[in-house]
Amino acid sequence: MNKMEFKKSKEYKDIFKKIKNYHEGFKFTLPYYKMTQGQKNAINIITSDCIKERIIDSVSIGLNLSGEITEETFIRL
C-alpha cells in the first residue's frame, strides 16, 4: 500500500478522526519502540498530516542510546 492508498483507507480516517476528537490540551504518547516498521510509517503519515493541519504539535521525544526515537508525546491544539 502506498501513501495515497493509505490516506484513503478506513484506518487512516478512523485514527485521524480519533485524534481530532481529543479535547484541547490533551497529551498522548506514541510508543514507537513497540511498533513494527509498517506501523511507524503509518502513524508518521497520520501525525504529519495532523501537524500540518495544526491539530496537534509534538512536545517531547524520547531517544535510546543509539539516538533512535523510542517515543513521542503530542498535545492536541
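The values are calculated or read from the model by the stated rules, or taken from the named source; none is laboratory data. The shown structure was predicted, so the numbers you read here are calculated from the model rather than taken from an experiment. Cβ coordinates were reconstructed from backbone atoms using ideal geometry, including for glycine residues, and neighbour counts include every protein chain displayed. With ligands, DNA and RNA removed, areas are computed over all heavy atoms of the protein, side chains included. Shrake-Rupley method; radii C 1.70, N 1.55, O 1.52, S 1.80 Å.
Of the trypsin sites (Lys or Arg not before Pro) found in the chain, those in coil by DSSP whose Cβ has at most 12 other Cβ atoms within 10 Å are Lys8, Arg54. Both radii are taken from the alpha-carbon atoms of the chain; with Rh as the Kirkwood radius, Rg/Rh is 0.97.
Ignoring ligands, DNA and RNA, please state the percent of accessible area on region 3-76 from carbon and sulfur, probe 1.4 Å. Walk me through the intermediate numbers first.
Values: 2670 of 5180 Å².
Taking all protein chains in place, region 3-76 shows 52 percent carbon and sulfur surface.
For region 59-69, putting each phi into the Karplus relation 6.51 cos²θ - 1.76 cosθ + 1.60 with θ = phi - 60° gives couplings of 10, 7, 10, x, 10, 9, 5, 7, x, 7, 6 Hz, in residue order, rounded to whole numbers and with x for Gly and Pro. Against the criterion of solvent-accessible heavy-atom surface with a 1.4 angstrom probe, Glu11, Glu71 sort, most first, into Glu11, Glu71.
Remark on Phe26: its backbone amide H falls under 5 Å from those of Arg76, a criterion applied only to residues 5 or more positions apart or on other chains, H modelled at 1.01 Å from N. Whole-Hz Karplus values for region 49-57 come out as 5, 5, 5, 4, 8, 6, 8, 9, 9 Hz, taken residue by residue from phi with 6.51 cos²θ - 1.76 cosθ + 1.60 and θ = phi - 60°; glycine and proline positions read x.
Calculated accessible area for the chain comes out at 72 Å² per residue, all protein chains present (probe 1.4 Å; ligands, DNA, RNA ignored).
The residue list Ile69, Thr47, Pro31 was ranked by how far each Cα lies along the charge dipole of region 3-76 toward its positive end, using unit charges on Cβ atoms, and Thr47 comes out on top.
Could you size up the charge dipole of the chain around its Cα centre, putting +1 on the beta carbon of Lys and Arg and -1 on that of Asp and Glu, and report it in debye to the nearest 20? It would help to have the intermediate numbers written out before the result.
Details: 14 positive and 10 negative charges, 72 e Å.
Value, rounded to 20: 340 debye.
Per residue of the chain, the DSSP helices (runs of n ≥ 4 H) give a summed -39500 (n - 2.57) that works out to -13000 deg cm²/dmol at 222 nm.
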